[in-house]
Amino acid sequence: WRSGGMLRSAVTFGKADPAQMLSLSTCARLLNQSDAEEVSRWADEQVFELDESQVTVHVMARETRLVEIVNDCEATWARAVPKVYYHVDRFVARDSYQTITRGRWGISANLASHELLDSLPTALHRIAALNLPERPNSQGEHWTISHDKGMNWNTWLRFKMKAIFEYSVRANWKELQESEWFVYVDDDTYVLMEPLMQLLRRYDPREAHYFGRPLAEDGWPLFVGGGAGIVLSRAAALQIVALRDSAECDPLALKWGERTHQGGDAWLGDCADAAGVHTDMEYGFYPQPPVANLFGLFKDAVAFHGVEDHRSFYEALKANASGKAIDTRCVPIFLDHKYNCLPHFIIGGVPKAGTTSLFKYLMQHPDMVEPFDKELTFWGNFFSPKRRPSREEVMGEYLQKFPKITPSDFKVTGEATPGYLYCMTCPLYILKYIPKVKFIFTLRNPVARAYSEYENKVADQTVMRYLHKRIDNKMEKELTPEAPPFDQLAADVVKTMENCISPNSTYSMMDEYTPEQEKADCYVNPFVGEGRYARYLRLWLSIVPKRQMMLLNFDEWKADALATMEAVSRYLQLPPFSAPKGKRDRVLRTGNASAASTPFPYDVEEAHNTHIAGSRSVHLNVSGKVKREIIMEDQIEDKMSPKTHCILHEFYRPYLRELNVLLAEYDYPPMNWRTGESRSFKCSSEYVYWRTLRKGGKHAEKHAS
């Protein structure tokens, strides 16, 4: 509204703060840029004089943690607040603090430290002793109170809120009588004094104001939720306190049995409504703290609820204010009342492609911390390819398997589960809960990989239960040394190639399949079926951003593990490090010229979780390691008959062509495996068994030359 060419008043509609409203109005062309700037200047000028000492913050403290709560608040947000009152039952107050005065409005001596008084000479931080109906027993956080009127926890909260409110307004202490604004918060609320003052200066305390984050319940008055903070002007407080003994403000009224919201904040809302004080919506009262590296998005914040660890939150805010950024690798999640960083990486790919060695090499880096186990198999695998974990499972099970890492002291952790490649729901669900996790998938020559896994299952006595598994029935639990020869498994693959319509029709235990595929004998055993990489990798590459997926060729990184570990370290944004002298000497003794100067001197002279080792295990507490030179000499291909080798070579040819086309589509280098070669023979380049691919019939003996 303009008068005399000047802007006199402005009204906005909609639930948006003033600055946001101006931006939206300009964007929608409701205001031109010039008018928007004028309204902005006008809004900045509409302030009322207010001193910090005229604002009192009242904390509803838990009796079971009084001293701890006071110490935490005094060490953090309360350092910027001149007047703070911690309200507790009078008996608990006197047990914990010896200076509590007697009488109705019991109060402690000033708790403000000398350091605080130097910076805030008017600081008054006190314990306020409340006259509550009775002292609750101290069994747990929430009390069930034995009372002749059947008082329960919510009834207790209403009585406590009533006592806090009356104390703040009626207590005959001069420091409280001078207050123009009353702010009520829980003891897990973190108050930001400077933005709070900016907010309050926009309101006239001589008018009745009652605001915060409103909550609604059908059929009952709107009220301000107590978690993130309730604000009352003196005028509003005096109107409400005048009705303190009325039926509307009775904490024991029968109406509370009909309400969903029955706590102290709802009690104050009902009293305010009865007194003609209505609820206002204000911004900046947040029900939980922000992600630690996104404080910049909460510039209007006045208070954050749900901050159990005030000291960690204080350090995070201080780091943000100083420009010292939280480590960008940390993606914080609010867990167990504090922020912890999510796992940073997941090693996947295929079994028997070096995932355990890769993981254990990484654990040598000083910035790494181990999970409670290496192979968690949480998100899904061969046997549960469509697992859909809930948020409760992720929070209560998965994240509990990792060490707690705070944003202010970031360390890298992760897991390694090769079976994730074959899980159809894994990429979506992992990114849903860990959006910035980095994947490292390692792939291997499928011919060598199939036989390597077979040998491992023979050593574990699990070949039969592995072969009998389907996605729609349970796996046998018994171990048995029984195992068909690998040549027999290869002969079954020959039948599949001769009977199945095309390579696209094959299926294995981790795949869904149709009756037509089953009738056409398109099944391949899992040792061989797992090598059809493109079928499973396509889904991952279509969902996971390229910056979050690293693909490794096992055959290449086995030949130069140090170079691979340097590339992996840079991908994970790990800083260079210096190995302890003993490990450095071992690296130098390898004779590798590049090893002496590498900024990532990992000890890679031992391979892990191989069937050659006597104690093979995927678990962190079992080493299962053997010298790499033994691995290099142990050529898997030499253990297969030429006929079996060439059968698998032919089976995989169409799948490897498909894989390299897929890799080129997503700008990854090809996997150039020589699947048809050994040190003693070379397979034919012609198709012999794939009936839809061969030119003419050939004998199996001619397939190897």
Given the structure, is L192 at pLDDT below 90, hydrophobic (A, V, I, L, M, F, W, C), open to solvent by 20 Å² or more (accessible area, probe 1.4 Å) and within 41 Å of the chain's Cα centre (by Cα)?
-> no
Scan region 478-526 residue by residue and report those that are closer than 26 Å to L421 by Cβ, among the polar types (S, T, N, Q) and in a helix (DSSP H, G or I).
-> T496, N504, S505, Q517
If you go through region 169-184, how many residues are touching a residue at least 24 places away in the same chain (Cβ under 8 Å), assigned to a helix (DSSP H, G or I) and either in contact with a Leu (Cβ under 6 Å, 6 or more places away or on another chain) or open to solvent by 20 Å² or more (accessible area, probe 1.4 Å) (or both)?
-> 2
In region 338-362, the residues that are in a loop (DSSP other than H, G, I, E, B) and open to solvent by less than 30 Å² (accessible area, probe 1.4 Å) | L342, P343, H344, V350, P351, A353, G354
When you look at T675, is it surrounded by 19 or more Cβ atoms within 10 Å (Cβ to Cβ) and either among the aliphatic types (A, V, I, L, M) or at pLDDT below 95 (or both), yes or no?
-> yes
Any chance region 522-535 includes a residue that's farther than 21 Å from A490 by Cβ and either modelled with pLDDT of 95 or more or touching a helix residue (DSSP H, G or I) at 6+ places or on another chain (Cβ under 6 Å) (or both)?
-> yes
Only one of (1) open to solvent by 20 Å² or more (accessible area, probe 1.4 Å); (2) within 19 Å of Y339 (Cβ to Cβ) is not met by G414, so which one is it?
-> (1)
Just a yes or no: is a residue in region 320-335 open to solvent by 50 Å² or more (accessible area, probe 1.4 Å), within 24 Å of I434 (Cα to Cα), modelled with pLDDT of 85 or more and under 20 Å from the mean Cα position of the chain (by Cα)?
-> no
May I ask you to verify whether V494 is surrounded by fewer than 21 Cβ atoms within 10 Å (Cβ to Cβ) and on the phi < 0 side of the Ramachandran plot?
-> yes
Consider D270 carefully, then state whether it is surrounded by 17 or more Cβ atoms within 10 Å (Cβ to Cβ) and acidic (D, E).
-> yes
Given (1) part of a loop (DSSP other than H, G, I, E, B); (2) open to solvent by 40 Å² or more (accessible area, probe 1.4 Å); (3) modelled with pLDDT of 90 or more, index of the condition R202 fails | (3)
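State the number of residues belonging to region 229-269 that are among the small types (G, A, S) and either part of a loop (DSSP other than H, G, I, E, B) or within 15 Å of N154 (Cβ to Cβ) (or both).
Quick first cut of region 229-269, residues among the small types (G, A, S) only: 229, 233, 235-237, 242, 246-247, 253, 257, 263-264, 266, 269.
Next cut, either part of a loop (DSSP other than H, G, I, E, B) or within 15 Å of N154 (Cβ to Cβ) (or both) only: 229, 242, 246, 253, 257, 263-264, 266, 269.
Qualifying residue count, region 229-269: 9.
Residues checked against (1) open to solvent by 10 Å² or more (accessible area, probe 1.4 Å); (2) hydrophobic (A, V, I, L, M, F, W, C); (3) farther than 25 Å from G306 by Cα:
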{"position": "F159", "(1), (2), (3)": "yes, yes, no"}
{"position": "F165", "(1), (2), (3)": "no, yes, no"}
{"position": "L196", "(1), (2), (3)": "no, yes, no"}
{"position": "A208", "(1), (2), (3)": "yes, yes, yes"}
{"position": "G212", "(1), (2), (3)": "no, no, no"}
{"position": "D218", "(1), (2), (3)": "yes, no, yes"}
{"position": "I230", "(1), (2), (3)": "no, yes, no"}
{"position": "S233", "(1), (2), (3)": "no, no, no"}
Verdict on L552 being surrounded by fewer than 20 Cβ atoms within 10 Å (Cβ to Cβ), of a type in the set (A, V, I, L, M) and modelled with pLDDT of 90 or more = no
Search result, residues across region 645-667 that are open to solvent by less than 30 Å² (accessible area, probe 1.4 Å), closer than 16 Å to Y536 by Cα and either among the hydrophobic types (A, V, I, L, M, F, W, C) or touching a Leu at 6+ places or on another chain (Cβ under 6 Å) (or both) | L656, L659, L662, L663
In region 111-128, what residues are assigned to a loop (DSSP other than H, G, I, E, B) and open to solvent by 60 Å² or more (accessible area, probe 1.4 Å)?
-> P121, T122
Region 84-108, residues that are open to solvent by 50 Å² or more (accessible area, probe 1.4 Å), charged (D, E, K, R) and closer than 15 Å to V67 by Cβ = R94, D95
Scope region 487-504; condition among the small types (G, A, S) and in contact with a Ser or Thr (Cβ under 8 Å, 6 or more places away or on another chain); matching residues = A490, S502
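State all residues of region 45-84 that are in a helix (DSSP H, G or I), among the aliphatic types (A, V, I, L, M) and farther than 23 Å from S179 by Cα; if no residue qualifies, say none. Spell out the reasoning first.
Step one: list which residues in region 45-84 are in a helix (DSSP H, G or I), which gives 45, 52-54, 63-74, 77-80.
Okay, now just the ones that are also among the aliphatic types (A, V, I, L, M), so 66-67, 69-70, 78, 80.
If the condition is that a residue be in a helix (DSSP H, G or I), among the aliphatic types (A, V, I, L, M) and farther than 23 Å from S179 by Cα, then L66, V67, I69 are the ones that fit.
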Given E530, E512, E518, which one is open to solvent by less than 50 Å² (accessible area, probe 1.4 Å) and of a type in the set (D, E, K, R)?
-> E530
Sort out which residues of region 436-457 are part of a helix (DSSP H, G or I), within 14 Å of T356 (Cβ to Cβ) and open to solvent by 10 Å² or more (accessible area, probe 1.4 Å), and write them in order of number.
-> none
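The values are calculated or read from the model by the stated rules, or taken from the named source; none is laboratory data. The shown structure was predicted, so the numbers you read here are calculated from the model rather than taken from an experiment. Positions of Cβ are backbone-derived with ideal geometry, glycine not excepted, and every protein chain shown enters the neighbour counts. These area figures cover heavy atoms from the full protein model, side chains too; ligands, DNA and RNA do not enter into them. Shrake-Rupley method; radii C 1.70, N 1.55, O 1.52, S 1.80 Å.
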